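Colleague: Handing you a structure now.
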Amino acid sequence: MTDTTPLFTNDSIVFGLLMLAIAFIFYTESKTSGFWFKFYKIVPGLFMAYMLPAVFTTLGWIAPEWQSISTDGILTNENSNLYYVASRYLLPAALVLMTLSIDLKAVFNLGWKALIMFFTGTLGIVIGGPIAIFLIAMVSPETVGGVGPDAVWRGLSTLAGSWIGGGANQTAMLEIYGYNPKLYGGMVFVDIVVANIWMALLLIGIGKRKRINQWLKADTTAIEELKEKVSTFTESVKRNPCLTDLMIMVGIAFGSVGFAHFCAGQLAPFFKTIVSTMNSETTRNIFTFLGSSFFWMISISTLIAVGLSFTKAKNYEGAGASKFGSVFIYILVATIGMKMDLTLIFENTGLIAIGFIWMSIHALLLILVAKLIKAPYFFLAVGSQANVGGAASAPIVASAFHPSLATVGVLLAVFGYAIGTIAAIGCTILMALAAA
């Protein structure tokens, strides 16, 4: 038995520490000369908001979950609720506030390249898994071995589900291929390490997007036009927010979140029942995401916000709606960062190697296609995260380019939910063949 209790276990204290870290980042990022000015020219603030909590976790100050041993020797599992609160309450609230001023027509005018990059990301995951298994098998065949429920390819099927769709698709793959539940934690570990490092690299790239777009010879006209439209509208309605403005924005945001949670609570069980009655097991697993309350909560919050963008509610952008949304996004990023223990990279190196090769193939294919079709870095980054990160991460990356673009991340992530299981099944079939 090992006691892994961090220094701070009280969520109130941990939250205060995270907020101090974010405040420090914004304070140093505001410097117009000296070390910090040069530092943030290279490293984006959003990346630091992600990495500092990871450092705190690595140092043992905080932890997303831990084991503690009581005085009578009983081992108990405990966890922080900060990520749950941020993802279930602050994320949908941020989406509502950031989407109020969206120009839906301009979003659709972004064109076909966004979809091409999303499906390229999906293809990269589908072919990346079997290629990674094939390459590792030549060096370390035992790493990709195992028989029956212990077969590594069965476990990797859950990664395919997670990296194309999300948690619901990941669970579906676990059920479909019957991977040993006792070994499943190792796959979750690979998921966390590899996906989080890839997200960190994407965030670093955002700070260098102009140079990357020049190399890609990308046409960013549609994106810049959308950003310009939103900025022009914001300026036209800009005002110093009064207390009434602030309270109405809070009401709009969290009233929408409450309604979304209510609807999700009705729709998820309803569709879960319908899906469970389907005759074909394959069909049941394809549509399993419809039974996810998180899917419905994010989708409904976004739909409410899009609807409000056609009303006078959009004028609250002038009172700083998207800025408040950005505050919530930074809090979410910090809680995601605290899930990452940097020392874990050096554990279970065989599976981690598979994960890195797999993600590298995904990345290289995205870069190749982006270069061929001259797609902006925005489409590459968001197309990737809509697959690998899902609805929790895609809006974060999208909003880092501009708050008005968060909706694009959500829309693409919904595609990921829809095709996640069927694409992951295809990937698993190929992985099983590669491991044979």
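The values are calculated or read from the model by the stated rules, or taken from the named source; none is laboratory data. From a predicted model like this one, the values you see are computed outputs, not experimental measurements. Note: ideal-geometry Cβ built from the backbone for every residue, glycine included; neighbour counts use all protein chains shown. The area values use the complete protein model at the heavy-atom level, side chains included, leaving out ligands, DNA and RNA. Shrake-Rupley method; radii C 1.70, N 1.55, O 1.52, S 1.80 Å.
Colleague: So which of F233, F262, F254 is loosely packed, with under 14 Cβ neighbours inside 10 Å, of a type in the set (F, W, Y) and out of contact with any strand residue (DSSP E or B) (no Cβ under 9 Å at 6 or more places or on another chain)?
Modeller: Being loosely packed, with under 14 Cβ neighbours inside 10 Å, of a type in the set (F, W, Y) and out of contact with any strand residue (DSSP E or B) (no Cβ under 9 Å at 6 or more places or on another chain) holds for just one of F233, F262, F254, which is F262.
Colleague: Run down P269, P241 and say which single residue is touching a residue at least 24 places away in the same chain (Cβ under 8 Å), over 25 Å from V408 (Cα atoms) and surrounded by fewer than 20 Cβ atoms within 10 Å (Cβ to Cβ).
Modeller: P241
Colleague: Just give me the residues in the range 340-365 being in contact with a Phe, Trp or Tyr (Cβ under 9 Å, 6 or more places away or on another chain) and open to solvent by less than 40 Å² (accessible area, probe 1.4 Å), in sequence order.
Modeller: M340, L351, I352, W358, M359, H362, A363 - these are the residues of the range 340-365 that are in contact with a Phe, Trp or Tyr (Cβ under 9 Å, 6 or more places away or on another chain) and open to solvent by less than 40 Å² (accessible area, probe 1.4 Å).
Colleague: Regarding the range 110-117, can at least one residue be identified that is β-branched (V, I, T) and either within 23 Å of K339 (Cβ to Cβ) or open to solvent by less than 20 Å² (accessible area, probe 1.4 Å) (or both)?
Modeller: No, every residue in the range 110-117 fails to be β-branched (V, I, T) and either within 23 Å of K339 (Cβ to Cβ) or open to solvent by less than 20 Å² (accessible area, probe 1.4 Å) (or both).
Colleague: Quick one: would you say E78 is among the charged types (D, E, K, R), in contact (Cβ under 8 Å) with a residue 40 or more places away in the chain and out of contact with any Cys (no Cβ under 6 Å at 6 or more places or on another chain)?
Modeller: Judged against the criteria, E78 is a match.
Colleague: Checking Y179 against (1) among the hydroxyl-bearing types (S, T, Y); (2) in a helix (DSSP H, G or I); (3) touching a Pro at 6+ places or on another chain (Cβ under 7 Å): exactly one of these is not met. Which one?
Modeller: That leaves (2) as the condition not met.
Colleague: Further question: Conditions: (1) in contact with a helix residue (DSSP H, G or I) (Cβ under 7 Å, 6 or more places away or on another chain); (2) buried (at least 17 other Cβ atoms within 10 Å of the Cβ). G320 meets all but one. Number of the miss?
Modeller: That leaves (1) as the condition not met.
Colleague: Follow-up. Of the conditions (1) in contact with a Leu (Cβ under 7 Å, 6 or more places away or on another chain); (2) open to solvent by less than 10 Å² (accessible area, probe 1.4 Å); (3) under 19 Å from W112 (Cα atoms), T407 fails just one. Which one is it?
Modeller: Failed condition: (1).
Colleague: Among A160, A172, A195, which is the only one that is open to solvent by less than 30 Å² (accessible area, probe 1.4 Å) and over 15 Å from N387 (Cβ atoms)?
Modeller: That would be A172, the only listed residue that is open to solvent by less than 30 Å² (accessible area, probe 1.4 Å) and over 15 Å from N387 (Cβ atoms).
Colleague: Something else: Of K208, K182, which residue is without any contact (Cβ under 8 Å) to a residue 24 or more places away in the chain, open to solvent by 40 Å² or more (accessible area, probe 1.4 Å) and under 23 Å from the mean Cα position of the chain (by Cα)?
Modeller: Within the list K208, K182, the selection yields K208.
Colleague: Is it true that some residue in the range 69-80 is under 25 Å from A398 (Cβ atoms), within 25 Å of the chain's Cα centre (by Cα) and open to solvent by 60 Å² or more (accessible area, probe 1.4 Å)?
Modeller: There is no residue in the range 69-80 that is under 25 Å from A398 (Cβ atoms), within 25 Å of the chain's Cα centre (by Cα) and open to solvent by 60 Å² or more (accessible area, probe 1.4 Å).
Results for (1) crowded, with 20+ Cβ neighbours inside 10 Å; (2) under 21 Å from D341 (Cα atoms), shown as yes or no for each residue.
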site	(1), (2)
I13	no, yes
M19	no, yes
T28	no, no
T32	no, no
P53	yes, yes
I62	yes, yes
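Colleague: Now for a different question. Quick check: anything in the range 415-429 open to solvent by less than 30 Å² (accessible area, probe 1.4 Å), touching a residue at least 12 places away in the same chain (Cβ under 8 Å), farther than 30 Å from T302 by Cα and touching a Ser or Thr at 6+ places or on another chain (Cβ under 7 Å)?
Modeller: yes
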